[in-house]
Amino acid sequence: MSLFAEVVFPLPLSQSFLYAVPPALAGAAKPGSRIRAPLGSKIHLGFIVRLLEESPSQIVQLKEILEVIDDIPTISEEILSFTEKLSSFYFSSWGEFLAASLPPSAAVRTATKTTLTDKGRELFKAGKLSRDEGKVAGFLQKKPYSLVFLRKMAGPKNMSQLAARMEKKGLIRVERESKALRPKTEARMTPGPAQLELDFSADRSAERAASEILRAMGRGEFAPFYVFGRPAGRQAVYLRLLQQAMDRSKKALYLVPELSLAGPLQAVLEKKLSIRAVFVHGGLSDRAREAAWQRIKGHDADAVAGLRSALFSPADGLGLVIVDDEHDDSYLQLESPAYDARRGAWLRAAGAKAVLVYGSSTPSIEGFYHAQKEGYLLSLDDDGQARQAVVVDDHAEKGLISQKLKSGLHERLASGKPSVVFLNRRGYASFLFCPSCGYVPKCDRCHISLAYHKKEERLVCHYCRDSRPRISACPQCGSKVLEPKGVGVEAVEEELRRLFPQARIACFDSDRVRGRIVRERTLQKFRERKLDILVGTQLLAHQSGLSPVSLVGILNPEALLAFSDFRAAERTFLALSFMMRLADTGDGASQVLIQTAFPDHHSIREAARRDYRAFFQEEIRFRRLMNDPPFSALAEVSLFGRELRSLAEKAREFSGCVKLCSPDIEVLGPAFAPGALASGERRIQVILRTQKPELLDGALRSCLGGIKVKKTVLRDS
């Protein structure tokens, strides 16, 4: 009886391949095992996802698997099923998702061996090779070498292209081999002693929410919940659930959106619960990632916590999945394989028949709408301690800093209390502008305006980070006057230094505090009251361990409203809510001042009042009128490539195919996406919208397969 294997590869390919399994490997080949097999002209590592005993419908000569690497499948059936569903939903590479679930020791190493052919040797001796070809042939006369060695020793910068040409001419032979390491075994780690504290500080609403979720956990079926409330109340619910999951011998998966939250979460779990928790995130070294994977795989962990990559941890027996701060866009992975960890958590919990708990005090509009509509919203009581903000109308002010904010800062300086001022725009100005002819300097790669950084006297692209010295005259008309437009955080710092020359002021943004050590040093100075005013972008609001302050000033939050995105108002509300949290001192003496040119916009008005439900009611009304999610299904398809003409042709081909598939799908684009990738690739977007999600799925499945370029699909969850 013949045996066939369906194989996927950790490459940006949206298809699987069928291979024949040689009789000698039939006993070792199992779903979830890593294998080596030929793909094109190379040998690649792949994953068996299915075994078939029946021959393919079409009679073809199938290639054979060369080696089965794993004695026992590295990937469990649960991870296979989960990643297949995630791949199908986002039309991303199944193989890349499977690779994300492996430890560093399972990484692939590709080795090349380049040999000079007889033809190459003859032409070299006859002096009939080009200069670069001759250099390469000279080295290969002695013995074969790798392409890396040849690039280093022979010197050609375009070694890959040169080798491809020489191979095509028959001058050299390049043998490529992918080798996979076998997983290393690590010693089991025993967690240190922890102080068990069962005082969860839960009020009645938190107790009611936890009890309802626990009843669902007892049924052993998939059930979603959304806990809406302030962080302290949500954490009380989570800790109760984690304790019960441990008591029932069930594993837990706990996702947070940012790395800065992982450390505090670990401290809470160790202090509140005697729990063996493993933390997984991109900041871990290979050694730490390997140890974490081995602990989880070896059942030496009660819970897995971390960022979106923790979703692929090999934890089995899940009974609880928590996604805190559900509103945060950090759960989105934009590069291949693209996915949303919030949707991924739903798929993972459903596959494991676990309870899924989302939580936030400022939920995403879609998340709150579905939870409310489908009856799984659990609201916690508000303690009412957070003070409302004072909104200052920018139209009535003459300077960059309003009179109200000046007075507030002066009072805090006089009393020795620190203050924070936010402006979520890097640099000194958004761009330079020639008033004579309208010229604006733009990035040659990204075709967007260059931000002006005054301290460095440079123009910087905030997409690809390319920079150049500031120009002294307009290259189009020669005018010597170039005006800065769009105030940045450097300009705010400069103005504050002018207004308060005796104050100790520092700037906290990604340009001025590069690296973890510099950031922590600046924050420590602020904690120790060695700084009076800290000026920062939203990066500052996302730092952990920053004590509340008595005055928070927020400048021009309406900048986010200018983006052509139906979620612009939601992002404005979220950004304001996040920055305002630094004023929650608990003593009622804190103050928030929001200086804006749009004081009556519902996102700013309701954020100042700290009234999420009022904002939701207004925003959902606009979404319904404009037929935006959650009242429609949306897909953002991005095509990537270096050749713009070919990429545009593929985008038009895809758009045309979708229009032919269904007239009920609205096609927006193709259009250039803002900015470029750091690698120099261009990106073209096509947005699809329909009120019939099943049509969207069918159109994507029908039309994406024929588009042979790098692509990602992000869908509204």
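What follows draws every value from the coordinates through simple rules; no lab data is involved. Given the structure is predicted, the values throughout are model-derived calculations rather than measurements. All Cβ positions, glycine included, derive from the backbone under ideal geometry; neighbour counts span all protein chains shown.
Can you put 19, 612 in order of Cβ neighbours within 10 angstrom, beginning with the fewest?
612, 19
Of the trypsin sites (Lys or Arg not before Pro) in the stretch 322-360, which ones lie in a loop per DSSP and count no more than 14 other C-beta atoms within 10 Å?
Taking the stretch 322-360 and a limit of 14 other Cβ atoms within 10 Å, the loop trypsin sites (Lys or Arg not before Pro) found are 353.
So for each of 681-692, 300-311 I average, over its residues, the number of other beta carbons within 10 Å; can you give me the resulting order with the highest mean first?
The peptides rank, most packed first, as 300-311, 681-692.
How large are Rg and Dmax for the stretch 238-396 when only the alpha carbon atoms are used, in Å?
Rg then Dmax for the stretch 238-396, in Å: 17.4, 64.
Using Cα-Cα distances under 8 Å and only pairs 6 or more residues apart, what relative contact order does the chain have, in percent?
10 percent
So who's got an amide H within less than 5 Å of the one on residue 336, skipping anything under 5 residues away but keeping other chains? H placed 1.01 Å off N, in plane.
Answer set, sorted by chain and number: none.
Mean separation of Cα pairs under 8 Å and 6+ residues apart, divided by the residue count of the stretch 4-107: what relative contact order is that in percent?
So the answer I get is 35 percent.
Would you work out if the stretch 300-374 is rounded, prolate or oblate? Take a ≥ b ≥ c from the square roots of the eigenvalues of the alpha-carbon gyration tensor; rounded if a/c is under 1.5, else prolate when a/b is larger than b/c, oblate otherwise.
Verdict is oblate for the stretch 300-374.
Listed here are the pairs 406/454; 113/142; 42/168; 42/711; 455/525; which of them are more than 18 Å apart at the Cα?
406/454; 42/711; 455/525
Given axes a ≥ b ≥ c from the Cα gyration tensor, I'd like to know whether the chain is rounded (a/c under 1.5), prolate (a/b larger than b/c) or oblate.
Oblate, because a/c is 1.5 or more while a/b does not exceed b/c.
Provide 626, 159 in ascending order of the number of other Cβ atoms located within 10 Å of each residue's Cβ, fewest first.
The most exposed by this proxy come first: 626, 159.
Two-decimal Rg/Rh of the stretch 4-107 from alpha-carbon positions, Kirkwood Rh?
Rg divided by Rh gives 0.94.
So for 425, 645, 50, fewest C-beta neighbours within 10 Å to most, what's the order?
645, 50, 425
State the cysteines of the chain left without a partner when partners are defined as other cysteines whose beta carbon lies under 4.7 Å away.
Among the cysteines of the chain, those whose Cβ sits 4.7 Å or more from every other are 464, 507, 661.
Quote the FRET efficiency, to the nearest 0.05, computed for residue 480 versus residue 398 with a Förster distance R0 of 25 Å and r equal to the Cβ-Cβ distance.
Here the calculated transfer efficiency is 0.40.
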